[in-house]
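A.B. asks: I have a structure I would like to understand better, so I am pasting it below and will then ask my questions one at a time.
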Amino acid sequence: MLHIEDSYIRKHIMDGMFGLEKESLRVLKDGTFSHTRQPFEDSDFIVRDFCENQTEINTRVHTTAEAAVQELQEHYTSIQKAVYSLSVREYIWPFSNPPYIRNENDIPIAAFDGEEKFKTVYRDYLSDKYGRYRMAFSGIHVNFSFSEELLLHSFRLHGGSSFQEYKNNLYLKLAGLLAVYGWLLTAVTAASPLLDSSFVEKGVCGGDVFMGMASVRCSELGYWNDFAPVLDYQSVEAYADSIEQYVLQGLLKAPSELYYPVRLKPAGENNLERLRENGVNHIELRMFDLNPLCAEGLEVKDVLFAQLLMVWLICRPTEELSVSHQVHAVQNFKNAAHYDLKTVKISLPDGRICSVAQAAINIIDEMKNFFAKIQVDVQEILDFQYQKFEDADNRYAWKIRKQFQNGFVQKGMKLAKKRQEECVGMQQ
């Protein structure tokens with residue numbers, strides 16, 4: 001789809017736009033949920049997700065991953081300063097998995113008023129259908145688009161009557177390929193192996209639980225619908241219709257209830273009507289765990305690797321996405337969230353079955369050859385990810401389990417307090 005043989009495209013293949021969304025929980029010093037109203041009503045960049053105490057940072061759009069992560073850190077620091085200054089000090093929980101949950105009512109649904117009351121009604125519906133415990137997970141969404149100049153140049157080489165149609169087809173192809181290969185991003189960013197016992201046994205706080213997952217929220221225990229969605233990537237209209245059919249069938253209350261790791265999104269307000277009318281503007285990757293090993297919760301190299309994966313995919317031939325391929329793809333995402341990736345298997349598009357670790361190594365090797373051939377120096381980023389599968393001790397989940405087991409919440413709160421001290425110190 002991109003004319004990689006063209007010198008301009010090779011030179012600008014890494015030009016793109018990045019926007020980040022980061023969720024995290026406000027908690028008290030004892031590791032329980034805060035029940036105060038969100039103190040960021042005046043911010044254009046800090047909103048609420050499912051919970052009233054679940055802050056969500058939305059960055060601007062940036063031309064580099066580094067700039068997007070930098071803005072993320074700036075908002076994170078302002079949040080830390082604000083909760084530090086409350087009459088009863090609060091902290092930002094640094095993990096995707098929640099701390100102590102005393103009971104389901106301990107998870108406060110976000111309270112919207114007036115014209116936005118429908119948002120609380122929708123959250124009540126989600127609470128009834130999925131339970132609030134699952135809604136207490138937090139994560140990071142990475143939004144990406146190729147630069148307009150790059151796509152315009154490729155469009156002129158490709159020909160056609162409509163630039164927007166060309167863009168739509170490019171992102172549709174990318175979304176389909178990410179359905180097949182996106183599990184790799186789950187595997188490299190999984191960072192939530194531990195749970196508090198209160199998540200699995202009501203009111204029993206203080207015990208560590210390990211369920212064989214590196215990312216609980218991305219596993220079969222996390223954010224998934226109770227059916228395997230099959231989407232149509234032939235056109236924007238077909239894609240939107242294939243999501244809407246689940247609403248019409250009563251399987252979903254709204255399109256936003258489709259818990260899929262990859263989404264195509266329009267510019268501005270995200271809804272299917274706008275997507276149909278204006279076309280695709282960018283792609284959203286929803287499988288990133290909060291990384292407590294980084295102060296801002298996100299490693300820049302992981303964002304850059306996601307970009308490299310998308311560049312590599314968009315330069316590959318389109319692959320068939322049958323119903324069985326898509327059903328296997330959903331299972332592959334869940335399997336990639338497991339802790340030991342040398343024992344768990346995935347199904348490849350050509351029908352082969354192999355371990356997640358071996359499949360990941362094979363793909364990264366292919367990516368290394370591709371980028372070397374087009375003379376784009378990304379060896380450091382690819383090596384960084386390769387080492388996670390060569391030696392599992394390099395994976396975030398393995399490091400986190402070793403560091404935070406035998407007192408997950410207590411040790412997590414020590415880290416939360418340390419992160420706050422670091423941020424507040426930066427402001428003084």
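A.B. asks: Quantify how much of the Cα-Cα distance distribution of region 286-428 extends past 19 Å, in percent.
C.D. replies: Values: 6387 of 10153 pairs.
When every Cα pair of region 286-428 is considered, 63 percent fall beyond 19 Å.
A.B. asks: Helix-only estimate, please: 222 nm mean residue ellipticity of the chain, summing -39500 (n - 2.57) across DSSP H runs of length 4 or more and dividing by its residues, to the nearest 500.
C.D. replies: Working: 15 runs with 189 residues, N = 428.
Mean residue ellipticity at 222 nm (helix-derived): -14000 deg cm²/dmol.
A.B. asks: Going by how many other beta carbons lie within 10 Å of each one, how would you line up Val204, Val311, fewest first? It would help to have the intermediate numbers written out before the result.
C.D. replies: Numbers: Val204 15, Val311 22.
Listing Val204, Val311 from fewest to most nearby Cβ atoms yields Val204, Val311.
A.B. asks: Over all directions, average the projected area of the Cα convex hull of region 80-157 and note it in nm².
C.D. replies: That works out to 10.0 nm².
A.B. asks: Charges on Cβ only, +1 for Lys and Arg, -1 for Asp and Glu, centred on the Cα centroid of the chain; of Ala110, Val303, Ser219, which one is farthest towards the dipole's positive end?
C.D. replies: It is Ser219.
A.B. asks: Kirkwood hydrodynamic radius, region 7-427, all distinct C-alpha pairs: what's the number in Å?
C.D. replies: The answer is 22.1 Å.
A.B. asks: Could you pull out which residues in region 56-97 have an amide N less than 13 Å from a spot 7 Å beyond the Cα of Phe384, following the Cα-Cβ vector?
C.D. replies: Within reach of a label on Phe384: 65-67, 69-70.
A.B. asks: Let's see if you can work this out: charge +1 on each Lys and Arg Cβ, -1 on each Asp and Glu Cβ, no other charges. What is the dipole magnitude of the chain about its Cα centre, in debye to the nearest 20?
C.D. replies: On the way: 46 positive and 58 negative charges, 207 e Å.
In debye, rounded to 20, the chain gives about 1000.
A.B. asks: Between region 90-164 and region 228-253, how many Å separate their Cα centres?
C.D. replies: Measuring centre to centre over Cα atoms gives 19 Å.
A.B. asks: Figure the gain on full extension for Asn362 and Lys202 (residue separation times 0.36 nm, minus the Cα-Cα span) and round it to one decimal in nm.
C.D. replies: Going from the current span to full extension adds 53.3 nm.
A.B. asks: Scan the chain and note any complete DSSP helix (H) whose C-alpha atoms cover at least 24 Å along its axis and whose Kyte-Doolittle average is -0.5 or more.
C.D. replies: What comes out of the filter, once short or polar helices are dropped, is 65-84, 163-181, 356-373.
A.B. asks: Pop a pseudo-label 7 angstrom from the Cα along the beta-carbon direction at both Glu104 and Ser147 and give the gap in nm to one decimal.
C.D. replies: So the label points at Glu104 and Ser147 sit 5.1 nm apart.
A.B. asks: Using the 10 angstrom Cβ neighbour count as an exposure proxy, how do His35, His153 rank, fewest first?
C.D. replies: His35, His153
A.B. asks: Sort Ser85, Ser43, Ser192 so that the residue with the fewest other Cβ atoms within 10 Å of its own Cβ comes first and the one with the most comes last.
C.D. replies: Working: Ser85 11, Ser43 16, Ser192 30.
Ranked by crowding around the Cβ, least crowded first: Ser85, Ser43, Ser192.
A.B. asks: Calculate, in nm to one decimal, what Lys29 and Ser162 gain on full extension: separation in residues at 0.36 nm each, minus their alpha carbon distance.
C.D. replies: Between Lys29 and Ser162, full extension yields 42.3 nm more.
A.B. asks: Something else: Over region 334-416, how many pairs of lysines fall under 21 Å by alpha carbon, counting only those 8 or more apart in sequence or from different chains?
C.D. replies: The number of close lysine pairs in region 334-416 is 15.
Taken together, the values in this text are just the output of simple stated rules run on the coordinates, not laboratory data. Predicted model, so just to flag it, every value in this text is computed and none were measured. No Cβ is skipped: glycine too gets one built from the backbone with ideal geometry, and neighbour counts run over all protein chains shown.
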